[in-house]
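The values are calculated or read from the model by the stated rules, or taken from the named source; none is laboratory data. Computed from a predicted structure; not experimentally measured. Cβ atoms come from the backbone with ideal geometry, glycine included; neighbour counts cover every protein chain shown.
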Amino acid sequence: MSSSLNKEAPTISRNAVSLDRSARATLRKTLFVCGALTVMLIFIVIIAATLGSERLPLVDALRALFTGGASSGALTSTQRAILIDIRLPRILLAATVGASLAAAGASYQALLRNALAEPFLLGISNGAAVGTMVALVFFDANEWTRPVMAFAGALGATLLVYRLARGRAGASPERLILAGVIVMTFQSSVIVFITTLMDATRIRSFTFWLLGDLSQAASGSLWIAVVSTIAGVAALTFRARQLNLLMLGERDAFDLGVEVERVRLQVFLAASLLVGVSVALSGSVGYVGLVVPHLVRMSTSGDSRLTIPAAALAGASFVIVADTLARTVIAPRELPVGAITALIGAPLFIYLLKRR
Amino acid sequence: MLEARNVNINYGMRQAVVNVSLRVSPGDMTAIVGANGAGKSSLLRALNGAIQPSRGEIFLDGKPLNSYARRAIGRRIAVVTQEALLAFPVSVLEYVLGGRYPWSGPGTWGWESERDLEIAFEVLRETELDNFSARLMNELSGGERQRVVLARALATTAGILLLDEPTANLDLAHQASMLTLVREHCDERAKAAVIVTHDINLAAEFANRIVLLKSGHLIAAGNPHEVLTEELLSEVLEIKVLVDAHPLSGAPRITPAHELRR
């Protein structure tokens, strides 16, 4: 073994915590956290299923849920229909949107080394919205064009922000936020412009959609949402270790053997898929990708191998809660869920900022 | 082990490195010395592929560097650069464990193994950082962070270490202990180190090979006594210097000869 100088190292203070492993994220810790979040998610799904403009009795609703509608106890057939055909798909959509946006946000924050990187604030959600609108205005008949164009819009916005933010010395946090704001507001004006091409009746429903609207949970698009969410989150989790290294700096990651260009592209693609599909199906739900990853990071660890799957699960819960509030607070009317997430998210974000 | 053949690096019109050839063998501790802008860092960055030479090639163990996968390079060459402030809190242990990434296989979803942890702790002991493992990088002083960066490079167990101004933020004691540690790895474990440094005296004391660069050109290469002469140094550094022998080690000792204005 080598013998470094045997004299006392001239350190300023002898830190009492030696060889401490507890703060690290490990596989076991990740599985435990994800397990706990899954349990929480299940509870929230069950409770959300019973709440709404029509309140459903808990036990019968549970029985209906677990038997897939076959046995529904004391529920009337209307109640059963509400539960199985309307609420459940909507809750599932909320879960996929929350999971997608939170995981995408966590990845952007790691990749861009910026705690404020979030799909909405960076203009990526708006890019997806532009894509969706173009699909709606020009290809209305084909429903599948919406997620596809949304994905393209999200990817385009991502690349635009990235290029804009990249100065000579790399993307500083300030440049990134500035670039994001520029791209977001630019696209907002594009959205307004396209809106003027629509007729009055569509404008109203469209504006509502833009603020986040989960009521359009048609079954066909729901499966797209579920598949893309699982695929996207899996892809990001697969790259999580590289994201950890990229968080230390692109140069560091490169020197340690990370294929920076390739990983970055894959993360952008996966995140754009997640954001694109979410926006195409439910409009622009903001703050999820900011607040949820932060909460996860603060309570557990900054290790992306943990934060990405955990953020997905926590994000699903968060949006389900927000959507439940959206459809119960002024029942039978509905608020856009994006308004709720902003109302919860913005103060929470300010609080987080002050804690730093 | 590592060889640069006729390497040229151009940044647009500017020629940073001009036709430099360099060979690094096991046991060598090579110091690249020169004035600011002499091309030292550019040359160093080319050695692990971070910069592509405009002309010429780098060879690792006889094969062109570009034929290796990035991870394969990461297993063989480790880099110590100036530490940077981090955007997110990272503990010293996690930072050092990053050095095990080149060895991670597709197997365990990228989680560190017991062996990885053992190596990390071993390296923390070697660099006298064992009490720091749970501390956050941003809480440490610049010098302490620099040692952690070295620890991470050692954790890769790479045979070649590239160090860019590793002692810039360190006090005298830590400068000595860091370079002594690197020297030991070269001597006892047949590793090779290439160090870019402004501190010529440290270079003279610890390196067994010196490379002098001026404006991208290789002026001289050889052992310290051959290369660190008053003539060569005055030309390369553009300042008059006096060279005598260190009273204890006999290594060349360089003192600038300032022309005092009265």
Would segment A:229-244 turn up any residue that is in contact (Cβ under 8 Å) with a residue 40 or more places away in the chain, buried (at least 18 other Cβ atoms within 10 Å of the Cβ) and within 22 Å of A:L335 (Cβ to Cβ)?
no
At least 2 residues that are among the polar types (S, T, N, Q), within 19 Å of the chain's Cα centre (by Cα) and at pLDDT 80 or above in each: list the helices (runs of 4 or more DSSP H) lying fully within segment A:101-200 that qualify.
A:124-138
Limited to segment B:127-156, what total is found for residues that are within 14 Å of the chain's Cα centre (by Cα) and over 13 Å from B:L93 (Cβ atoms)?
6
Test: residue in segment A:196-208 that is among the β-branched types (V, I, T) and crowded, with 17+ Cβ neighbours inside 10 Å
no
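Of the residues A:G289, A:G345, which single one is modelled with pLDDT of 90 or more and not in a loop (DSSP other than H, G, I, E, B)? Don't jump to the end; show me each part of the working.
Values: A:G345 fails: modelled with pLDDT of 90 or more.
Just one listed residue meets the conditions, A:G289.
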Can you confirm whether B:V96 is touching a Phe, Trp or Tyr at 6+ places or on another chain (Cβ under 8 Å), more than 9 Å from chain A (Cβ to nearest Cβ) and in contact (Cβ under 8 Å) with a residue 12 or more places away in the chain?
no
Select from segment A:248-257 the residues that are at the interface with another protein chain (Cβ under 8 Å from one of its Cβ atoms) and of a type in the set (D, E) and write down the one among them that is surrounded by the most Cβ atoms within 10 Å (Cβ to Cβ).
A:D255
Within segment A:314-348, take every residue that is touching a residue at least 40 places away in the same chain (Cβ under 8 Å) and more than 19 Å from A:L281 (Cα to Cα) and give me the one that is surrounded by the fewest Cβ atoms within 10 Å (Cβ to Cβ).
A:P332
Of the residues that sit in segment B:157-168 and are under 20 Å from B:L140 (Cβ atoms) and touching a residue at least 60 places away in the same chain (Cβ under 8 Å), which one is farthest from the chain's Cα centre (by Cα)?
B:A168
Given the conditions (1) over 13 Å from the mean Cα position of the chain (by Cα); (2) in contact (Cβ under 8 Å) with a residue 24 or more places away in the chain; (3) under 19 Å from A:G35 (Cβ atoms), report the number of the one that A:A311 does not fulfil.
(1)
If the requirement is being within 14 Å of another protein chain (Cβ to nearest Cβ), out of contact with any helix residue (DSSP H, G or I) (no Cβ under 8 Å at 6 or more places or on another chain) and surrounded by 21 or more Cβ atoms within 10 Å (Cβ to Cβ), which of these qualifies: B:A69, B:A78, B:A46?
B:A46
Meets criteria (facing another protein chain (nearest Cβ under 10 Å) and either on the phi < 0 side of the Ramachandran plot or within 18 Å of the chain's Cα centre (by Cα) (or both)) for A:L245
yes
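This table checks each residue for (1) assigned to a loop (DSSP other than H, G, I, E, B); (2) at pLDDT 70 or above; (3) closer than 30 Å to B:H174 by Cβ.
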{"residue": "A:E8", "(1), (2), (3)": "yes, no, yes"}
{"residue": "A:S22", "(1), (2), (3)": "yes, no, yes"}
{"residue": "A:T30", "(1), (2), (3)": "no, yes, no"}
{"residue": "A:A36", "(1), (2), (3)": "no, yes, no"}
{"residue": "A:I42", "(1), (2), (3)": "no, yes, no"}
{"residue": "A:G68", "(1), (2), (3)": "yes, no, no"}
{"residue": "A:R90", "(1), (2), (3)": "no, yes, no"}
{"residue": "A:G98", "(1), (2), (3)": "no, yes, no"}
Somewhere in segment A:298-320, is a residue away from chain B (no Cβ under 14 Å), hydrophobic (A, V, I, L, M, F, W, C) and not in a helix (DSSP H, G or I)?
no
